[in-house]
Amino acid sequence: MFELHHLTAQEQADWLRRGDVSPTELAAHYLERIARLDGELGAFTTVTPEAALARAAHVESTVSRAVALWGLPLGDKDLSARRGVRTTYGSRLFEHFVPEQSDEIVTVLDDAGGVSLGKTNAPEFGMPSYTESFVAPPARNPYDTTLGAGGSSGGAAVAVAAGLLPVAPGSDGGGSIRIPAAATGLVGVKPSRGRIPSNAGFASLGGLVTPGPIARTVADAAMLLDAMIDGGAYQYGTRAPSWDGGALLNAAVRGEGRFEIGVMTTSPWDSAYEITVSPEAIAALETAVGELAVLGHGLEDLALEPDDTYGPAFRTIWQAGASTIPAEGEQLELLEPLTQWLVARGRQLGARDLAEALTTLTRFERSVIRQFSHVDAVITPALALTPRPIGWYDPVDAERNFEQQVQYTPFTSFANVSGLPAITLPVAVTDAGVPMGVQVIGRPGGEHTLLAIGAQLERRFAWQRRHPPQW
């Protein structure tokens with residue numbers, strides 16, 4: 001039986017503008033699904049049905065239908081503040097916090113006509129690459145609820161995969177969009193540093209963090225990405241290089257071009273930890289590469305130059321970023337063991353440690369861009385392992401926990417460090433029925449190339465027709 005969430009986000013946007021469905025009707029449809037299904041999934045930490053329906057009615061009566069996301073339901077990641085709505089940042093420290101102001105990305109999506117249904121689940125301060133916190137139930141993979149959804153945008157990915165939202169915004173400082181998208185069979189885009197005005201990346205230490213979309217199709221992701229880009233005023237002198245093709249949605253819809261693509265299974269963590277790429281991850285990569293060859297793309301094997309400085313420098317930046325978490329004295333006991341470790345280590349760092357780490361990562365960024373400069377894109381496994389079981393990460397030993405995160409996600413963080421755009425594409429399913437994906441990394445400002453490649457593979461694999469049981 002047909003239901004509204006069976007439509008793509010683009011189709012839902014078309015139905016809204018034509019009047020085939022109203023913003024209130026669409027919001028009510030998703031709110032009913034959330035109420036019925038989310039108890040076993042953990043996609044949301046807070047649901048705001050009254051505010052959502054009031055917002056939908058306001059959009060319907062007041063907001064111009066010309067805006068990009070008119071009437072489309074969304075969810076705010078629980079690391080983004082929305083005025084008057086509980087925002088926990090995934091932490092017991094903020095379990096009852098209600099902000100008085102909204103973050104800029106929230107305002108941008110409101111201005112684009114979005115209708116927020118609540119806050120999507122995120123781990124404590126977005127630090128881990130899995131979404132299992134002390135303040136909310138874990139975000140469970142809809143394809144197998146004994147498995148995690150990844151993180152830190154785990155709740156957003158669960159909501160989109162299970163049909164609780166058409167698309168969702170996430171944020172990515174080391175893979176936090178791409179990891180959960182890959183684990184739950186979705187498309188996830190980390191834009192170039194500087195691409196999105198409301199959070200160009202420069203405000204985060206090392207320029208790591210940027211917002212981006214999570215969606216079922218490449219075109220849906222591009223639509224949300226365009227709304228994020230166009231909704232703000234550039235506040236910095238630096239911005240990502242662009243292209244002359246107009247909206248990025250154009251590249252996703254056309255899916256045109258033949259490109260030179262490097263194929264890579266090495267990572268900058270190889271010298272720091274024992275990294276094993278699972279047979280399932282290799283099979284997904286080989287499946288995608290085989291289709292790219294059929295499509296006529298140029299392919300060549302590529303390996304990162306050995307670098308034993310990346311791992312220690314990235315750890316330093318991650319710890320330094322945690323040092324600013326507003327917890328003192330007894331408040332520190334409310335934090336999870338991993339976060340306590342990150343905060344303690346970060347506050348022990350000296351100015352010289354931080355300066356040397358930033359210099360090392362800047363040098364690494366330039367090296368990667370140089371190494372990739374002769375190709376249009378580089379394809380890697382999205383994740384080294386299949387989605388991890390709930391409770392798999394060590395809850396006590398923070399050093400071991402960090403190592404486990406790297407072993408699961410060795411291919412994602414260096415795109416943040418280098419500022420390059422990257423997309424994950426759900427090209428395969430394991431024998432157990434769990435999604436596996438690939439990551440494609442582009443040149444600076446090269447989102448259009450990634451979307452074109454993604455659209456071509458989507459036509460071959462039709463992953464938008466693959467859904468979990470809750471669908």
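The values are calculated or read from the model by the stated rules, or taken from the named source; none is laboratory data. All values reported here derive from a predicted model rather than from experimental measurement. Every residue, glycine among them, receives a Cβ derived from its backbone with ideal geometry; neighbour counts consider all protein chains shown. Keep in mind that these areas ignore ligands, DNA and RNA; they rest on the heavy atoms of the full protein, side chains included. Shrake-Rupley method; radii C 1.70, N 1.55, O 1.52, S 1.80 Å.
A few remarks follow.
- Rounded to the nearest 500, the 222 nm mean residue ellipticity of the chain from helices alone is -11500 deg cm²/dmol, with -39,500 (n - 2.57) taken per DSSP H run of at least 4 residues.
- Relative packing of 60-68, 180-188, which averages over residues the other C-beta atoms within 10 Å, highest first: 180-188, 60-68
- Per-atom-type breakdown for the chain gives carbon and sulfur 51% of the accessible area (1.4 Å probe, protein chains only).
- Compared with the direct C-alpha span, the chain from His6 to Arg18 gains 2.6 nm at full extension, assuming 0.36 nm per residue.
- Charge tally in the Cβ shell below 11 Å around Phe125, where Lys, Arg are +1 and Asp, Glu are -1, Phe125 excluded: -3
- Kirkwood hydrodynamic radius of the range 331-431, from inverse mean 1/r over distinct Cα pairs, in Å: 16.6 Å
- Pairwise FRET efficiency - Ser271 versus Glu330, Cβ, R0 = 41 Å, nearest 0.05: 0.55
- Dimensions of the range 98-139 based on its C-alpha atoms, expressed as ranges along the principal axes with the largest first, amount to 32, 19, 18 Å.
- Annotation: per residue accessible area for the chain equals 37 Å², rounded to a whole number [probe 1.4 Å, protein chains only].
- Peptides 36-46, 107-117 ordered by average Cβ neighbours within 10 Å, highest first: 107-117, 36-46
- Surrounding net charge for Asp308, when Lys and Arg each add one and Asp and Glu each subtract one, Cβ distance under 15 Å: -3
- Each peptide among 163-176, 447-460, 250-263 gets the average number of other Cβ atoms lying within 10 Å of its residues, and from highest to lowest they stand as 163-176, 447-460, 250-263.
- Over the range 222-338, relative contact order from alpha-carbon pairs under 8 Å, at least 6 apart, %: 29 percent
- FRET efficiency, Asp301 to Arg36 (Cβ-Cβ, R0 51 Å, nearest 0.05): 0.60
- Solvent-accessible surface of protein heavy atoms, probed at 1.4 angstrom with all chains present, puts Leu285, Leu295 in the order Leu295, Leu285, largest first.
- Residue by residue, the range 403-413 carries 3J(HN,Hα) couplings of 4, 4, 4, 5, 5, 7, 10, x, 9, 9, 5 Hz when phi is fed to the Karplus relation 6.51 cos²θ - 1.76 cosθ + 1.60 (θ = phi - 60°); x denotes Gly or Pro.
- Take every DSSP beta bridge whose two residues both sit in the range 1-153; close to 55 percent of them are antiparallel.
- For the chain, the share of DSSP beta bridges that are antiparallel, to the nearest 5, is 70%.
- For log10 I(q)/I(0) by the Debye sum over Cα atoms at q = 0.06, 0.09, 0.10, 0.12 Å⁻¹, the candidate list reads [x] -0.22, -0.52, -0.65, -0.97; [y] -0.26, -0.59, -0.74, -1.09; [z] -0.35, -0.73, -0.87, -1.12; the entry that matches the value derived from this model is [x].
- Charges were assigned to the Cβ only: +1 to each Lys and Arg, -1 to each Asp and Glu. The resulting dipole of the chain about its Cα centre is roughly 680 debye.
- Coupling constants for the range 315-332 follow from the phi torsions by the Karplus curve (6.51 cos²θ - 1.76 cosθ + 1.60, θ = phi - 60°), and in residue order they are 4, 4, 5, 4, 5, 5, x, 6, 4, 8, 4, x, 9, 9, x, 5, 4, 4 Hz; glycine and proline get x.
- Near Gly118, the amide H atoms lying under 5 Å from its own belong to Thr48, Asp76; only residues 5 or more places off or on other chains count, and H is placed 1.01 Å from N.
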